[in-house]
Every structure is written in structure tokens, then in C-alpha cells.
Amino acid sequence: MSDIQALERQILDAIASAADEAALEAVRVSVLGKKGSVSELLKSLGGMTPDERKSNGPLFNGLRDRATAAIAARKTALEEGALNARLTFERVDISLPVRPEPVGSVHPVSQVLDEVTAIFADLGFAVAEGPDVEFDDYNFTKLNIPPDHPARQMHDTFYVAKQADGSQHVLRTHTSPVQVRTMLQQKPPIRIISPGRTYRVDSDATHSPMFHQFEGLVIDEVTHLGHLKWTLEEFCKAFFEVDKVEMRARPSFFPFTEPSVEWDLRCDRSGGQIKFGQGNDWLELAGSGMVHPRVLELCGIDSKRYQGYAFGGGIDRLAMLKYGIPDIRSFFESDLRWLRHYGFAALDLPTLDGGLSR
Ligand code: DAH
């Protein structure tokens with residue numbers, strides 16, 4: 001075997017037995033580095049006669065090319081090996097049980113927001129959202145409550161300082177402006193549910209300056225109060241987890257609906273507990289009505305062709321009723337003992353088939 005062949009064997013052996021990328025790099029430097037064995041050979045070509053160079057040149061260059069290729073191949077193999085080892089080592093066993101100790105819980109208001117959303121989603125409603133800081137125009141004017149209308153006094157509004165352009169914003173006093181936003185953006189048929197935060201200057205055991213409402217809106221060519229009643233009934237059955245409910249309609253007034261109806265739910269409060277679908281008490285459930293044609297027109301919808309119904313109610317009140325919470329203010333006190341008592345397991349998302357409140 002010539003010296004060159006012996007050197008090649010030695011180099012290829014060293015490459016093959018390099019156990020990791022650092023060892024391989026050391027081999028590369030010793031072969032192809034400035035003072036590497038093959039580099040020295042190539043340098044020696046300069047001192048040779050033209051004939052020697054002619055015969056040795058291809059030999060040395062061939063050796064360099066094969067060494068370079070072998071190092072590259074070994075590098076790829078080592079990288080793959082390292083990756084596979086990491087993948088095996090870092091594997092997560094998703095079949096392990098979740099941590100048994102309590103790691104936080106879902107606030108009852110969030111739970112009820114999720115329950116309401118799940119029920120209406122199941123009825124085919126899409127979820128719509130709007131901002132807490134709302135245009136006065138959307139909160140009031142486009143809902144047929146013009147400036148100076150007495151209905152504005154019913155809402156104890158938090159006003160935001162006027163903008164430079166003179167426009168007025170408010171903290172939304174109800175979730176009804178989401179109706180406006182939806183109608184301005186979408187063409188009928190519309191079917192949305194919008195749960196969210198609302199604000200009014202009010203605070204006692206049953207009122208909080210920040211509270212939560214849900215708003216429903218359906219716009220189509222044929223809609224009537226019967227659809228509205230059925231929708232609310234189905235909602236109540238699912239929400240209160242009873243087979244049967246009885247609702248009572250009371251004529252009412254809201255500027256954005258005509259006619260306007262408030263709904264009460266038959267319940268039984270005897271024995272310190274509240275039961276639905278029986279008894280002689282009535283519980284206020286939601287305001288509602290057929291969307292006022294003027295509201296449709298203000299929101300760019302042809303009131304000759306379309307009509308619809310809307311409804312809205314308080315989420316916090318629903319949570320208080322369903323989970324027996326006496327004071328609305330305790331929702332917002334962030335008392336850990338209270339949250340642990342009333343909170344819900346973080347991984348149990350409410351669904352209709354899985355159970356709303358396990
Ligand atoms: N926005 C009303 C309130 O805050 C509730 C309401 C009443 C909503 C009637 C509606 C409706 O969509 O049709 O008191």
C-alpha cells in the first residue's frame with residue numbers, strides 16, 4: 001500500500017470513529033486545517049518538478065475531496081443521531097394524569113359566560129364581540145336613543161372625555177351596541193350571541209359598576225316572537241339543566257325594540273333553594289323584542305325585507321341564581337377562599353353533551 005493510501009485509510013478511520021461533532025471537528029482540523037495532513041501534502045506540490053506535480057496533484061486533490069465528502073457525511077449522521085436522541089429524551093407522555101393539586105380555577109362569571117356561549121352556539125348562533133369603550137352613537141343613537149332622549153337617563157352612564165374631533169365615547173352600558181356593529185358589518189341572515197362586560201354608575205348588593213350581559217340578535221326574512229320565545233325557552237332548559245320551564249311574557253319598553261317583551265321564569269323559592277319549572281314565584285330573565293325598524297334602517301338593513309328579534313340579560317345574575325351566590329360584589333373581590341369555593345375545574349370546559357357545570 002502506498003503512503004497516500006495508508007494516509008487515506010487512517011483519515012477515513014478517524015472520521016468514522018469520531019463519536020460526536022466536536023471530535024469530528026478535531027479530525028477535520030487535523031486533516032484539512034491550515035497545518036492538516038492533507039493541506040501539508042497540497043502545499044508540498046509547490047516544491048515539486050512539473051512531472052511530479054502532474055502525477056501527485058490528482059492523487060492529493062482526490063484525497064482532499066474524499067476526506068471532505070466523508071467529513072460532511074459523518075457530520076449529517078451525527079446531527080441526525082443527536083436529534084433522535086433528543087427527541088427520545090424530551091418526549092412528553094401525554095397519557096400521564098394531570099397534576100392532582102389544584103392549580104387555579106375558572107371564575108363563576110367566566111364559567112357562565114362559557115355556558116351561555118356553548119348553549120347558543122349549539123343553537124346555531126355565532127359569537128360576536130365589541131369593545132368596552134364604545135361610541136356614544138352605537139351605545140345609544142343607532143339603537144334609537146337619540147341625544148336628549150329620556151331613555152338615556154335609565155342608563156347611568158360613565159362618559160369618557162370628548163375626543164379632539166368632538167366625538168363622544170362611553171363605557172358601554174349594555175351589550176346591545178354589538179347588535180349595531182354586527183348589522184353594520186354583515187348582511188342578513190344574522191344570528192349572533194355576544195357575552196361581555198358592561199358598566200353603569202351603580203353599586204349595591206345586587207349591582208356592580210362593572211357587570212356582564214349577554215346579547216342575542218337574529219335578523220332574517222321571516223322571524224317572529226314565537227321564535228324568540230322558543231329560543232329563550234331552549235336556553236333556560238339547557239342553562240338551568242331542567243327538562244321543562246315555564247315563561248311569562250310582560251309587555252315592556254325598550255327604544256330599540258317594538259314590541260318589547262320582558263320574560264320571567266316560573267320558579268320555586270320555598271325551602272331556601274331555587275327550583276325552575278315549578279312553584280309560584282317569577283324570576284326576571286331577559287329583556288327582548290322585535291328589532292325596531294328604525295334601528296334596522298340606521299344600521300343599513302332594509303326594514304321592508306328583513307325583521308328580527310333581540311334579547312339581552314345579565315350574566316352575573318344568572319351565575320348568582322344558578323350557583324347560589326348571594327352578593328354580586330363578591331364576584332369582584334378576588335378573595336381566594338371564595339374563588340376556591342365557587343370556582344370550576346380549569347380543564348372542564350362547558351359543553352352541552354359533556355355537561356355544563358360538573
Ligand atoms: N340592553 C337592555 C338592557 O341593558 C337589555 C335588552 C332589552 C336587550 C331588550 C335587548 C332587547 O336586545 O331586545 O337593559
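Scanning segment 7-22 for residues that are touching a helix residue (DSSP H, G or I) at 6+ places or on another chain (Cβ under 8 Å), part of a helix (DSSP H, G or I) and open to solvent by 40 Å² or more (accessible area, probe 1.4 Å) gives LEU12, ALA16, GLU21. Of all residues in segment 224-271, those being loosely packed, with under 15 Cβ neighbours inside 10 Å, aromatic (Phe, Trp, Tyr) and either more than 14 Å from the ligand (Cβ to nearest atom) or in a helix (DSSP H, G or I) (or both) number 1.
Note on segment 23-44: residues that are over 60 Å from the mean Cα position of the chain (by Cα) and either of a type in the set (S, T, N, Q) or exposed (fewer than 14 other Cβ atoms within 10 Å of the Cβ) (or both) amount to 6. Can you confirm whether segment 309-320 contains a residue that is surrounded by 18 or more Cβ atoms within 10 Å (Cβ to Cβ) and more than 16 Å from the ligand (Cβ to nearest atom)? Yes, some residue in segment 309-320 is surrounded by 18 or more Cβ atoms within 10 Å (Cβ to Cβ) and more than 16 Å from the ligand (Cβ to nearest atom). Across segment 3-46, the number of residues qualifying as touching a residue at least 24 places away in the same chain (Cβ under 8 Å) and closer than 11 Å to ILE71 by Cα comes to 11. Against the definition (away from the ligand (no atom under 13 Å from the Cβ), in the same structural domain as CYS299 (by TED's automatic domain parsing) and either in a loop (DSSP other than H, G, I, E, B) or open to solvent by 40 Å² or more (accessible area, probe 1.4 Å) (or both)), how does ARG191 come out, yes or no? Yes.
Here GLU221 passes the criteria (1) of a type in the set (Asp, Glu); (2) modelled with pLDDT of 95 or more; (3) surrounded by 16 or more Cβ atoms within 10 Å (Cβ to Cβ) except the one numbered (3). Looking across segment 47-73, the residues that are free of Cβ contacts under 8 Å to residues at least 12 places away in the same chain and among the small types (Gly, Ala, Ser) come down to GLY47, SER55, GLY62, ALA69, ALA72, ALA73.
Among residues of segment 167-178 that are in the same structural domain as MET290 (by TED's automatic domain parsing) and open to solvent by less than 10 Å² (accessible area, probe 1.4 Å), those with a beta-carbon under 6 Å from a residue that is in a loop (DSSP other than H, G, I, E, B) and near the ligand (Cβ under 10 Å from one of its atoms) at least six positions away or on a different chain give the pairs THR173/HIS155; THR173/ARG200.
Among the residues of segment 321-357, those identified as at negative phi, open to solvent by 40 Å² or more (accessible area, probe 1.4 Å) and among the small types (Gly, Ala, Ser) are ALA345, ALA346.
Checking each residue in segment 328-358 for being farther than 25 Å from VAL98 by Cα and touching a helix residue (DSSP H, G or I) at 6+ places or on another chain (Cβ under 8 Å) picks out ILE328, SER330, PHE331.
The values are calculated or read from the model by the stated rules, or taken from the named source; none is laboratory data. These figures come from a predicted structure and were not determined experimentally. Don't worry about glycine lacking a Cβ; one is built from the backbone with ideal geometry, like all the others, and counts go over all protein chains shown. For the accessible areas, the whole protein counts, side chains as well, though only heavy atoms, and no ligand, DNA or RNA atoms are used. Shrake-Rupley method; radii C 1.70, N 1.55, O 1.52, S 1.80 Å.
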